[in-house]
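First comes the structure, then the notes that go with it.
Where a number appears in this text, it was derived from the coordinates with a stated rule and is not lab data. Bear in mind that the values here come from a model prediction, so they are computed numbers and not experimental data. Every residue, glycine as well, gets a Cβ built from its backbone with ideal geometry; the counts of neighbours run over all protein chains shown.
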Amino acid sequence: MRRTIVKASLHTALNLTVFALIGTAILAFTFNQTHDRIEQSIEAEKLKLISQIVPQALYDNDIIKDTQDIHPDPLLGNEDTTTVYRARRANQPSVLVLEAVAPDGYSGKIGLLIAIHDNGELAGVRVLTHKETPGLGDYIEIARSNWITQFNHTSLAKYADADWKVKKDGGQFDYMAGATITPRAVVKAVHKTLQYYALHHEALFAIQTKEQKP
């Protein structure tokens, strides 16, 4: 009787192991088949947003190839290596597009693309990813409202550090009643990115692209 029970248990364990291996194989296959496609889709959306905040008139180089990977930095809020896109006109620095993260959104992290003119003035900001509440906090998306455009032409020179807050907190930036946490997070992230730019923009423009390196 005991031998029968042991045999049945081993048979069950073997079946479970086989099913687990098959499931793992299916998941791995699905990941391999879709990963590149998902990455390409994310990149295409990123480039679409960049075209909104960096018009062609601002550069004559290949902004898609004139890039450099940058390490995580507390001012950018990024935990992984990100890409900086560099726009130049007549071989002179024009605009940098940085990826930043607002870690303290209402529903989690908010990914941002932030374009900054060589003089430190913001060319534009776009939301790349977020999980904010639909119909409430998602007004930070350009497709939902023009709220994000209020950053255009602002800079550290235009606003003091104390002004980089929503108006409810005594700052300069509008917000929607009932959804204050989301814009607070975005305003703070944009402010920190401008500070990062002020510290590093000359070095970022000077670094050669991977294609330029021997």
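Computed from backbone phi with θ = phi - 60° and the Karplus coefficients 6.51, -1.76 and 1.60, the 3J(HN,Hα) list for segment 195-200 is 5, 4, 4, 4, 7, 10 Hz; x is used for glycine and proline.
Considering only Cα-Cα distances, which of the following residue pairs are longer than 30 Å: Lys65/Lys158; Lys65/Lys109; Lys168/Lys192; Lys109/Lys168? Distance filter (> 30 Å) returns Lys65/Lys158. Note on Asp163, Asp118, Asp69: ascending count of other Cβ atoms within 10 Å places them as Asp69, Asp163, Asp118, the fewest first.
Its Kirkwood hydrodynamic radius, worked out from the mean inverse distance over all distinct Cα pairs, puts segment 42-96 at 12.1 Å.
Across every direction, the projection of the convex hull enclosing the Cα atoms of segment 55-206 has a mean area of 8.7 nm². Our coupling estimate for segment 66-75, obtained by passing each phi through the Karplus curve with A = 6.51, B = -1.76, C = 1.60 and θ = phi - 60°, is 7, 10, 8, 7, 10, 6, x, 8, x, 5 Hz, Gly and Pro reported as x.
Over all Cα atoms in segment 126-194, the spread is summed up by Rg and Dmax: 11.5, 34 Å.
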